[in-house]
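The values are calculated or read from the model by the stated rules, or taken from the named source; none is laboratory data. All figures in this text were calculated on a predicted structure; none of them were measured in a lab. Here the Cβ is made from the backbone with ideal geometry for all residues, glycine too, and neighbour counts use every protein chain on show.
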Amino acid sequence: MQYVDSSARRRESASAPEIIPYKTLCAKMRAKVEQFAATISDERLRKMFLNCFFSSLDTAAERMPDGSTFMLTGDIPAMWLRDSAVQVMGYLPYCSVDDEVKQLIRGLLARQFFYIGLDPYANAFNREPNNRGHKDDVTDFDSPWIWERKFEVDSLCYPLWLAQKYSETTGDYSFADETFRTAVRKILDTFVCEQKHGECSSYIHSRPLYPEFPTLKNGGKGTPVGYTGLIWNGYRPSDDVCDYGYLIPSNMFAVVVLEWLLGHAGRLGIESEAERISRLCGEVREGIAKFGTYEHPVFGKIYVYETDGLGGRNLMDDANVPSLLSLPYLGYCAPDDPVYLNTRRFILSKANPYYYEGTAARGVGSPHTPDRYIWHIGITMQLLTSTDLQERRDCLRMLLQTDAGCGVMHEGFDCDNPEEFTRPWFCWANTLFAIAVAEMKEKGEIG
C-alpha cells in the first residue's frame, strides 16, 4: 500500500483553494456535539469521543469545486466506497440543525454514485483522474480515477445504505438524480451478471508482482463456483481475497439495500427496475437459505461466512463489516433471531479461527492483520449488536484500554500488547466508536 502523510495533504489542499477542507465547516454541528460531549462524565471517554467523532470531518473530508465530497479513508490517499459511507453515519442526526452537514452527505453520495457509474467493479478511487494507485494489477479495465479494482459486493451496497439512512433521517431524496439512477442500473447489471460469474463476467483481477498479497486464482477469475442465486464476490470487506466465491454477509447486505430500493422505487425514479430488483432479491434470499447455513454440532444452525455452491464452505467471521456479527446492525435480522444468536455464539468463541483472547482484550480479528490481532471495529460491532448491558460495558472498557495512549481507534492490535497496532489513522473505526458512545449515552448506559 502507498501512504501519504497528513502534512503533505494539507500542503496539496492549500495549493488548490477551490477545494475546501471540512475542518473549517459545520460549525452548528460542532457546537451541538460539544454540548453533548460535556454531559459525558468520564474525561478520558469524553476526549476520545470527540477525537473520534471529528476524525473524518477534520482529517479526511473535502468539499470539491463541483460541490461533491471527497473522503479519505485515513492514511491512504484514496476514497473507499465502503469506508466513506460509514465515515459520515455519525453525522446524520445533525442534518436537521446544520445545512453544511446535509451538503457534506449529499456531496458524498454524488461522488460515490459518480464513481460507480465509472466502474462498478472498483472499490477505491482517486480524488482526481491522476492515475495513482495499484497500476501494476492485472485487470480487464482501467481508468485514471481508479485506485484499486477489487470487486466487493459491499462496496456497491454501502452508498445505497447511506442513501437509505440519509433519506430516512431527512426526508430528502434530491440525491436521486440521473447519476444515481445510472449507478443503480449498473449495480443491478453487475449483481445479475455476477450471479453467473463464470458464464457472464469478464472481470479479472490479480497482483502478480506482489505475491505476499493473495489475489484471485485461475487467471484472475477466481476458483470455480456453482450457481446458487447468490452474487459472486471477489474480495472481502477487508480487501482480502475470498476463499470461496459467495460471501454470505455481503449477500445479506445486498438483500437489505435491494429491499430498500424496491420499497422506494417511486421516490427514487427507478420504477422500471422494480421487477428486476424483486426477482434478484428473491433469488439471493433463496440462495442464502439453501447454501448459507450449516448445522454445527455444537452451536446448532449457523450462517457460514463463504460458500462456493459446490460443497465448500468457510466457517469463520472477520471483523470487517459486513460481517456475520454485524447482521442486526445492517438491518438484515433482529438481534434475537435464533440463527443469528447461534452464529454469534460461534463467532465469539475459539471455534472462530479469528477470535482471540489475550491479557488485554478479547474479540474478533482478521486474516488481514497478524495473528492474535483484534480489531477495534470487531469490538465495537460486538457492542452495537449486543442486547446485554454488561457485555456492552465490557466492550467499551476494552476499547478505552487498548488505544495505546493515542486517543483514537486503530485497525488491529496485539491482544496481549495493545502498544503494537496497525493504522494509527483509521476513520472507519473512529466513526463506529463515536456512534457506539453516543448510543450508550443516549440510552443512559454510561454517565
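Annotations for the structure displayed:
- For region 420-431, the criterion of a residue being touching a Pro at 6+ places or on another chain (Cβ under 7 Å) and crowded, with 23+ Cβ neighbours inside 10 Å is satisfied by no position.
- Pair list, Cβ under 7 Å, 6 or more apart: region 34-51 residue on the phi > 0 side of the Ramachandran plot and surrounded by 12 or more Cβ atoms within 10 Å (Cβ to Cβ), other residue aliphatic (A, V, I, L, M) and in a helix (DSSP H, G or I): none
- Check on THR359, among the β-branched types (Val, Ile, Thr), out of contact with any helix residue (DSSP H, G or I) (no Cβ under 8 Å at 6 or more places or on another chain) and either modelled with pLDDT under 95 or farther than 24 Å from TYR235 by Cα (or both): yes
- Pick from region 179-197, criterion farther than 14 Å from LEU258 by Cα and charged (D, E, K, R), ranking: surrounded by the most Cβ atoms within 10 Å (Cβ to Cβ): GLU194
- Taken over region 360-380, the criterion of being in contact with a strand residue (DSSP E or B) (Cβ under 8 Å, 6 or more places away or on another chain) and either in contact (Cβ under 8 Å) with a residue 60 or more places away in the chain or part of a helix (DSSP H, G or I) (or both) is satisfied by SER366, HIS368, HIS376, GLY378, ILE379.
- Of the criteria (1) of a type in the set (Val, Ile, Thr); (2) closer than 21 Å to THR215 by Cα; (3) in contact with a helix residue (DSSP H, G or I) (Cβ under 7 Å, 6 or more places away or on another chain), which one ILE146 fails: (3)
- Lone qualifier among ALA163, ALA176 - being surrounded by 19 or more Cβ atoms within 10 Å (Cβ to Cβ) and assigned to a loop (DSSP other than H, G, I, E, B): ALA176
- Filter result (assigned to a helix (DSSP H, G or I), in contact with a helix residue (DSSP H, G or I) (Cβ under 6 Å, 6 or more places away or on another chain) and buried (at least 20 other Cβ atoms within 10 Å of the Cβ)) within region 257-279: VAL257, LEU258, TRP260, LEU261, ILE277
- Filter result for the condition that a residue is under 30 Å from LEU400 (Cβ atoms), in contact with a Cys (Cβ under 7 Å, 6 or more places away or on another chain) and either surrounded by fewer than 22 Cβ atoms within 10 Å (Cβ to Cβ) or not aromatic (Phe, Trp, Tyr) (or both), over LEU348, LEU327, LEU341: LEU327
Okay, residues lined up against (1) without any contact (Cβ under 8 Å) to a residue 12 or more places away in the chain; (2) outside any helix (DSSP H, G or I); (3) under 19 Å from CYS157 (Cα atoms):
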{"position": "GLY309", "(1), (2), (3)": "no, yes, no"}
{"position": "LEU324", "(1), (2), (3)": "no, yes, yes"}
{"position": "TYR340", "(1), (2), (3)": "no, no, no"}
{"position": "THR343", "(1), (2), (3)": "no, no, no"}
